[in-house]
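To start, the structure itself, in structure tokens.
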Amino acid sequence: DRICLDVKQVALKHVYNLPAIWQEKENAGNKFQRINRGAYAYKNILHIWIHNVIKICTFGIGIFWIIFHIDPVIAWIFFFFSLIYFALAQKLTPPATQAAHESNVKEEEYTGLTFQALHNIRSIQVYGSWPLLLTRIQTMIHTLYGAISMRIKKFAIRNIGLDTWQMSFRMGSTAFIILGILQGRYEVGFIITFFFYLNTISESLREINEY
């Protein structure tokens with residue numbers, strides 16, 4: 001919480017130092033929304049690095065080290081899976097994040113307008129401009145809904161692509177392990193260990209690429 005307050009203070013000072021052209025372009029609601037969003041985003045990123053990324057990287061390296069000493073072939077298979085997963089995530093994530101950014105901008109515009117409307121509600125009542133303002137708000141809601149729908153679609157495409165690769169690899173690796181068991185290269189219990197490590201690596205990759 002202290003991080004959020006500090007970031008808000010820094011962001012507020014930055015807003016005060018921006019040129020008058022920008023100040024006239026953005027209303028108070030937009031500024032307020034961006035300061036809050038930036039503060040919480042900074043807090044989340046810091047939380048992720050402290051509690052997720054460092055732990056995931058350390059745990060992932062440890063797993064690869066253990067697997068490599070058990071069976072180098074399996075270790076290289078896991079490395080191939082991780083490499084392709086990471087490459088797919090880097091390819092599929094930018095369109096999704098761009099859609100998320102666009103929906104955030106539309107939300108800022110909608111929130112800013114409603115904030116301004118509530119702040120100046122007495123003037124709106126006096127001049128009778130509420131019907132025109134309501135029409136504009138309804139249009140912004142429709143635009144915001146379209147942006148949110150696009151964001152959901154892009155993230156769904158991303159998740160489907162990553163899940164398809166993960167399931168394909170799981171099916172192929174299962175066939176490989178079963179063949180190794182039939183040939184006497186692996187014990188029957190090895191398949192349990194294999195899927196434990198696969199699930200752990202998949203979860204680590206998912207969390208890293210999620211952020």
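What to note about this one:
- Among residues other than Phe78 with Cβ under 14 Å from its Cβ, the summed charge is -1 (Lys and Arg +1, Asp and Glu -1).
- Derived from the Cα gyration tensor, the three semi-axes of the equivalent ellipsoid of the range 96-211 are 56, 12, 8 Å, largest first.
- Among the listed pairs Lys13/Lys153; Lys13/Lys106; Lys25/Lys91, a Cα-Cα separation exceeding 31 Å is found for Lys13/Lys153; Lys25/Lys91.
- Table column - 3J(HN,Hα) (Hz), the range 69-76, Karplus curve with 6.51, -1.76, 1.60, x for Gly and Pro: 7, 7, 7, x, 5, 5, 4, 5
- With K and R counted +1 and D and E -1, the other residues having a Cβ less than 13 Å from that of Leu88 yield a net charge of +2.
Throughout, read-outs are computed from the coordinates displayed, never taken from laboratory work. These numbers come from a predicted model, not from an experiment. Note that each Cβ is placed from the backbone with ideal geometry, even for glycine, and that neighbours are counted across all protein chains shown.
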